[in-house]
Every structure is written in C-alpha cells, then in structure tokens.
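Chemist: Just dropping this structure here.
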C-alpha cells in the first residue's frame, strides 16, 4: 500500500464526504485524520482502495454523530443557538448555496446518507447496502423516499434540473 | 446532483492541505520514529523506574475503594436529557429508545467526571459560564429560538434555572475532554485521544460503580410501559385514508382492541409524502414546514382542524386527522400530552 499516494489522492474527497455527513468542517478534518491513522496502522490488504476508504470514513462519521462532542452541538443546535463552525456552515448554506444542497441537508439523516452515497459517491444500491450493512430493499425504499422528500422541498425548476440527471 | 453537493462543501483546499500534512507527519513519525529512538527506550525506561522508586515514598497513599471519588448517576440530568431529546427532535420518539440512548450518555457523563477527578483534570468554570452566557443571550435575541425555548420549558414544566443547570452539566463534560487533551499535550488526531479517554473512563467507572449503574438502569427502565406486541390486521375500508396508497401504515390492534400503528415513527414520512402541500399550509413556521416535531404538534393539529373547514383542504385534512388519531394512540404512553 502506497500511503502517501492514498493521502494525496483521496484526502479532499474524504473531507467533502465527511463534511456532507456531519455538517461541521472541523469535525470533518478530525474524522479524516482518524481515517488516515486507521489506514496507517491497518495490516489488511486493500483490494478496492476507494470503497475501503469510504467505508472507514462513513463509520467514523457515524461514530462522531453518536459522540458527546456532537451531542453537545445538538443540544445547542436544537434550540437554534448554534455557534462556531456549525453555525457558520449553516449560514453559508442558507445564504449562498444552492437550493438543492440546502434541501439535501435538511433531510433526516437516514435519507441524507443514502443521497450522499448514491449521488456524491456514485455508489450502486448494492454497494450502499454493503457499506451501510442494510438490505438492498431498504436502501431502495429510502432512496425513493429521499427523492420524494427532496421533490417536496424544491421548486419545480430545481427539481426538473435534478430529475434530468437521471 | 453531485455538482450541487460539491457546491455545498466548497473546495476545502485549506482543510485538505492541513490533513495531508498531519497524515504524512504521522506516517513518517510512525515509519522512522521507532528506528531513531530504538536504543533510547531501555535507557528511558530505567531512568523512569529509578525516578518512580525515588518519589514513591513522597506520594500520597494510593486511592482505595474507600476514598475513591465516584460521581453519582444524576437522575435529574438523565430525565432532562431524555425529555428534551424526545421533544426537541424533528420526530416523535418512543420513550424506551430515548431512555436507552440517554442511559448511555448519563453513565458516560458520570464516568468522565469520575475519571477526570481521578486524573486531576481541571474544570474550566470560566469557560463554561462564558459559553452558557453566549447561548442564553442568543435565545434572548432570536425570536424563533426564544419561542422554541419557552415552549419546551412550558411543555416539560421546567424552570429556567433547571435547564441552565442542565446546559452547564453538559458543557462541563465537554470542557473536561478538551482540558484532558490540552493538559496532556497529546499529539495526533484529537478524535483518537477522545475515544480512548472515553473508553478508559467507562472501564474505570464500570469497575468501581457496577452496582450503582445496574440499579440506575433498572430504575429508569421501569418508566417504560411494557405492551403486547401488535399483530398486523388489514386496514378497514371505512377509514378515509384507506383510499390512498397507505401500505406503509401497518395497523395492529392493541389490548383494548383499538387500532395503533405498528411502525408509528414512519407516520410523518407518510404524511409528508402523501399530503405535503397540506402540511406546508398547516406549518406554524414556514421556515421549517417539515419539522413535524412534538413541540409544535398541537399547533399543526389545530391548523389542520382549521383547514378542514375550508372546501379546498377538507378531504385531505380529515384524512390526516384520522391518521393522527391513530398516531396519538400509538404514542400516548410516550408523550403525556397525547393522553
């Protein structure tokens, strides 16, 4: 395994993936650093490097979302008095980013996750099922539901643009 | 869609550079560090042993079971954490799930406080106070946040002081973890050290407070009312909503032979999907039309009842109200305001 090549090839991609998951830039940085530490210490042979790295990253993101650090952010967040990085990130979305991105971030986690892996990581339903340890049927149902929720949140022109990508 | 998500993240060049640099520093440290100091280790170990042997008599007596400080499990903290989670999220949650989740965090909180005391980690009270002051001043100056905050205190019958105390307790744990990282001057990714600190704290606490934990868990779990699992039955054609594609709403009969939803947590997903425009119209806050959260449930319901008086919305509103009646029955043991 060529560690240096992996770091230079995938860091930016994994950062973006983590950020889409956790909505916090600082947390995304910590997560990806932990990913590299795990990879560095791992003795496993890697067959499909991208899929391997995405899987570790997704697991790290989920660990973070279950952690105290995130819980503290949520306690603050649910009352709407978020601060620091999270607040800045939210403000950026609300003021500058696209309606589609904003709608994705407003989806409940289980749907957001499927959209990120399907559209951003371009995984197939089967791959997502493997990554998330879910049944393929569940992934399909969530994907359909996620698209339905997005459709409700987007205006017609945004939805048409999105739909034409299919 | 990929482009839209890319816009959302931005380029993240700065972050990438930082992470790459740290990863490579770690890698080279790991790869070459060991060789560089290979012959230094035995010397350092011997010196350390000598040092320990010299200062050992000067140390205070080792902590024993009798003088070890054990942070008690805080029931009030647990209850506020559980109920605020139940009411503040964008969906309804079964009390059993909320209790399990917050048992984990309440035990971990006491574990971290106990372990911090054992390790002499300082608590930065000034920082905690500053954080809380900032938070409270934000609530005061933001009308939506203030409204949500007041509504939550009212529904949970909580005083401002009790909720502030809860915020302080949560912030304290976070400060401890930060202080631990700072005081130990640990290198490398924070996440790894935090996870290890948590793990050590939990192990330490379980070792010294196993009985207290067991009793606390048992006591809190008695709050959940055991129910006979529902067996699925066909949806009667007499239900208004039966005309729609309602397969997601699996019904069962409870012990009183009343209908309940087998998977009530998906009810709102179904309602959004089937009656989106109506829900949007009924939303008390148009900024958050799909946050059908417990705090605003009664507002939504009241608005839907009003919409049922208008011919445009009547049929759909009546269908939704019929669904909500079953929904409320499904959650009545979990949310007292539905009883």
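No value in this document is a laboratory result; all are computed from the given coordinates. Just so it is clear, the structure is predicted and the values come from calculations on it, not from any experiment. Every residue, glycine as well, gets a Cβ built from its backbone with ideal geometry; the counts of neighbours run over all protein chains shown.
Chemist: Residue by residue through A:99-106, how many Cβ atoms from other chains fall within 10 Å of the Cβ on average?
Modeler: Working: counts 1, 6, 8, 2, 1, 4, 2, 5.
Per residue, the average neighbour count from other chains is 4.
Chemist: Taking the number of other C-beta atoms within 10 Å as the exposure measure, put B:55, B:128 in order starting with the fewest.
Modeler: B:55, B:128
Chemist: Relative contact order for the range B:210-339: what percent, with Cα pairs under 8 Å and sequence separation of 6 or more?
Modeler: The normalised contact order for the range B:210-339 reaches 20 percent.
Chemist: Separation of the range A:1-39 and the range B:77-98 by C-alpha centroid, Å?
Modeler: 32
Chemist: Can you run the Rg to Rh ratio on the protein assembly as shown? Use alpha carbon positions and the Kirkwood inverse-distance Rh.
Modeler: My calculation of the ratio gives 1.00.
Chemist: Hey, fewest Cβ within 10 Å first, where do A:8, B:198 land in order?
Modeler: A:8, B:198
Chemist: Same structure again: Taking beta carbons within 10 Å but only from partner chains, what does the mean come to for residues A:4-14?
Modeler: Counting other chains' Cβ atoms within 10 Å and averaging over A:4-14 gives 4.
Chemist: Suppose a student asked you for the relative contact order of chain B, using Cα pairs under 8 Å spaced at least 6 residues apart; what percent would you report?
Modeler: After rounding, I find 18 percent.
Chemist: Still on this structure, I have one more. How large is the convex hull of the C-alpha atoms of chain B per residue, in Å³?
Modeler: Normalising the Cα hull of chain B by residue number yields 226 Å³.
Chemist: Mind checking A:26-33 for the average number of partner chain beta-carbons within 10 Å of each residue's beta-carbon?
Modeler: 6
Chemist: Rank these for me by crowding, B:137, B:311, B:110, A:51, going from fewest to most other beta carbons within 10 Å.
Modeler: In increasing order of surrounding Cβ atoms, one gets B:311, B:137, A:51, B:110.
Chemist: Give, in nm to one decimal, the length gained when the segment between residue B:120 and residue B:202 is fully stretched (0.36 nm per residue of separation minus the Cα-Cα distance). Write out the running numbers ahead of the final one.
Modeler: Working: separation 82, 0.36 × 82 = 29.52 nm, distance 1.66 nm.
Extra length available between residue B:120 and residue B:202 comes to 27.9 nm.
Chemist: With contacts defined as alpha carbon pairs under 8 Å and 6 or more residues apart, what's the relative contact order of the range B:116-211 in percent?
Modeler: Worked out over the range B:116-211, it gives 37 percent.
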